[in-house]
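The values are calculated or read from the model by the stated rules, or taken from the named source; none is laboratory data. These figures come from a predicted structure and were not determined experimentally. Because the Cβ atoms are built from the backbone with ideal geometry, glycine has one as well, and the counts that use them run over all protein chains shown. Just so you know, the surface numbers come from the protein's heavy atoms only, side chains and all, with ligands and any DNA or RNA stripped out. Shrake-Rupley method; radii C 1.70, N 1.55, O 1.52, S 1.80 Å.
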Amino acid sequence: MLLYTRVKLKPKEEDRLLAGHPWVFANEVETGHKPLTPGSLVEVITSKGLPVGRGVASPSSKILVRLLTRGFNEHIDEAFIAGRVQTAIKNREGYKKKLSTDGIRMLFGEADGLPGIIADAFGHTIVISCFSAGLKPFIPTMSKTFQENGFKFVYEKSVGEICQKEGMPEFQGWLTKEGSMPLTFTEGKAKFHANPQTGQKTGFYLDFRYAREKFQELSKGKNVLDLFSYTGGASIQAALGGAASILALDSSQVALDEAAANAKLNEVEKKIQFEKKDSFKAIRDLKKDNKSFDVILLDPPPLAKSVHELPAGRIAMKRLMGNALDMLNPGGSMLVASCSHHFSWNLLEGLCREATENSVRNFKLVERLTQPVDHPMVLSIPETEYLRAVILTEASF
């Protein structure tokens, strides 16, 4: 019989949770409940004793409980977790053909009912990242379920500062027999390596797929600048799309080495000039040297991981955009992206407006881009929408 520790909310803390948000913060609950351990099963009730839902505990985290159910009608056990994984897999049936890729996000945390869990498929290999101490005990169940659904290999990469905040040890390694590294997958006509052992996140930014597609379209016959290029995904798509020249900059030599390998894999290594430079500084130096480009991609790392970082992030983004706009050739285009949930559409587009006004040139916003369908957005969980991008093109009139 499953045992649940009951946790009571403070008055007036239930509305967001009853609407479907899964995070119960430690400062939202009454004290005096039984001690919780990572993975403890929890029942959450309102201050008036009404059921909210069941979840798992992460007692070292600010997010004390991650809810997995609404109400108390379902039990959280291995069968329940396996069912969530099965549903996520089913929801993505046909994506490989529809998206022209076998690099697909299979589990998107809260949006798939498994808060704190990310799983990306690269061909027949799954890479799982766990950022919830409460769900860590269920990782073997998730791995088994993926194997039962045709994935031969499962690799776990649960590392970083968030593990410390969750109070769980870092882990990186195979959960099945060892597969080969790097992993290889396709995206349209491109082939890419993903290396979770050395790369960021699960080894590749699958969420930027739509933006890479648009960047390819913009780049045909153009001179292109790819800032914060990482492992070269956008540059390679631009090269395959017929870009005249491509300068790709990144501060990580490891990332650039992988980018060079990806370029060679696609036989476009002679079309791309990779350089190890800090893009924040390099963009100023390029401007001073009177360099200019037809198309610029501006996709910096998260500039506001929390709401407290927004003021500094806003200044940094505006400076980047201003310098980039000054280097655009007449009629040029710029793709600007933010991967921070806290950078709202209003904020991002407001910064674009300010930057273009300062440039003394007229620009039009021709398209808005967001994360692809394998990264679903749940309306009751605003944090599931985090990737926002816009395409700016100089207006001719």
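Dipole size of region 158-260 about its Cα centre, with +1 on Lys/Arg Cβ and -1 on Asp/Glu Cβ: approximately 420 debye, rounded to the nearest 20. Based on DSSP H segments of at least four residues, each scored -39500 (n - 2.57), the chain has a per-residue ellipticity at 222 nm of -8500 deg cm²/dmol. Peptides 321-334, 100-113 ranked from most to least packed give 100-113, 321-334, packing being the mean of other C-beta atoms within 10 angstrom over each peptide's residues. For a straight C-alpha distance cut-off of 30 angstrom, the lysines reachable from Lys34 (same-chain residues fewer than eight places away being disregarded) are Lys8, Lys10, Lys12, Lys48, Lys62, Lys136, Lys165.
If you count the DSSP beta bridges with both ends in the chain, what percent of them are antiparallel, to the nearest 5? Percentage antiparallel, nearest 5: 65.
Here's how it looks for Val7: its modeled amide H is under 5 Å from those of Glu43, Val44, Ile45, which are all 5 or more places away or on a different chain. Based on the Cβ-Cβ distance of Lys318 and Lys281, what FRET efficiency does E = 1/(1 + (r/R0)^6) give at R0 = 22 Å, to the nearest 0.05? Taking R0 as 22 Å, the efficiency between Lys318 and Lys281 is 0.85. Each Lys or Arg adds one and each Asp or Glu subtracts one; over the other residues with Cβ under 15 Å from the Cβ of Ala19, this totals -3.
Across all Cα atoms of the chain, the radius of gyration (one decimal) and Dmax (whole number) stand at 22.6, 72 Å. Nonpolar atom fraction for region 1-121, defined as the carbon and sulfur part of the 1.4 Å probe accessible area, stands at 52 percent.
For region 266-397, the solvent-accessible area works out to 51 Å² per residue, with a probe of 1.4 Å and every protein chain left in place. Between Thr198, Val224, Gln237, the Cα set farthest toward the positive side of the dipole of region 197-291 (charges on each charged residue's Cβ, about the Cα centre) is that of Val224. For Tyr95, neighbours were defined as the other residues whose beta-carbon sits under 14 Å from its Cβ, and their charges (Lys and Arg +1, Asp and Glu -1) total 0.
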